[in-house]
Structures are given as structure tokens and as C-alpha cells.
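Participant: This is the structure, below, for whatever I ask next.
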């Protein structure tokens, strides 16, 4: 066997191994990108919900509290392409102040739910399972804050 043939065979084996590993690395990179967008969308929605609930707790009535919550999510706008801007779910919004006279062992509270959608840039499917439905995941978060109103006695 000639030495030249051995080197050519070794180069061929190396090229095959490198091509197999590069496919694996591309899959891992795309999966990391997908997970990154999912985490970013979840975090944006979580922060928006917390800020909206905190703002709504400052409201004097249902309408004011809802408006404060809707305004509080505006700074949390996302790119709109892969991560949608969080929105306040008005159907899940609760403002319970008990008319200023809460029953014993109850506190006035406000409950705010926000929703955001994340479109996965490169959905990867493993054995029939994948990210969300049609490459889109919806995040929903609910926070409950106490309504604290202090009266100043002068």
C-alpha cells in the first residue's frame, strides 16, 4: 500500500466526520435560537404583566385601573415579527375593591392577565412534537396585586 493512498483515505474520513458534525452543530444552533426567542417572549410578557398589575392597583375604579394597566404594557413592546407586544386580557381583568368595605380577612385586589405570542423562527420537530401550534407559542401570565389606598388625615 502506498503512503499517498493512506493520506487520501484519511482526508476522506475526516471530511465525512466533519460534515456529519457540522449538521449536528447547525441543528443545535437553530434550536438555541428557537429557545432564545421563547425565553425572550416569556420574559417580556412576565415583566409587562407585573408592571400592569402594579399600575392597575393604583386605580380608583375599574375603568381607571384597566386604562392604567393598558398604558403600563406599552413600554414592553416587542419587535412584532417574532415576539408580539403584550396585551392586557380585558376578559380576565378583575378589580375588586369591595365598595370600600372589604369583609373580614379579605383585602381589595386587582388581577391582571397579559398575553403575548412568539413565532418560532425555525421550528424543529422531533418525533412529531415541536414548538407550539404552527410554529407559534402563546404566553399568558396573571399577577394579583393588593389595592392599597391610604387616606391622609390633616
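The values are calculated or read from the model by the stated rules, or taken from the named source; none is laboratory data. Keep in mind that this is a model prediction, so the values were computed, not measured. Note: ideal-geometry Cβ built from the backbone for every residue, glycine included; neighbour counts use all protein chains shown.
Participant: Quick one: would you say residue 42 is modelled with pLDDT of 90 or more and more than 20 Å from the chain's Cα centre (by Cα)?
Facilitator: no
Participant: Of the numbered conditions (1) more than 30 Å from residue 34 (Cβ to Cβ); (2) part of a strand (DSSP E or B), residue 141 fails exactly one; give the number of that condition.
Facilitator: (1)
Participant: In region 86-99, which residue that is in contact with a helix residue (DSSP H, G or I) (Cβ under 7 Å, 6 or more places away or on another chain) and either at pLDDT below 95 or not in a helix (DSSP H, G or I) (or both) is farthest from residue 116 (Cα to Cα)?
Facilitator: 95
Participant: May I ask you to list the residues in region 53-74 that are in a helix (DSSP H, G or I) and in contact with a helix residue (DSSP H, G or I) (Cβ under 8 Å, 6 or more places away or on another chain)? If you could, list the steps in order and put the result at the bottom.
Facilitator: Of all residues in region 53-74, those in a helix (DSSP H, G or I) come to 53-56, 62-72, 74.
Listed by number, the residues that qualify are 53, 54, 55, 56, 65, 66, 68, 69, 70, 71, 72.
Participant: Continuing with the same structure: Limited to region 51-80, what total is found for residues that are under 12 Å from residue 116 (Cα atoms) and exposed (fewer than 14 other Cβ atoms within 10 Å of the Cβ)?
Facilitator: Matching residues across region 51-80 total 3.
Participant: Scan region 93-119 for residues that are more than 11 Å from residue 144 (Cβ to Cβ) and surrounded by fewer than 15 Cβ atoms within 10 Å (Cβ to Cβ) and jot them down.
Facilitator: Within region 93-119, 98, 99, 100, 101, 102, 103, 104, 105, 106 qualify.
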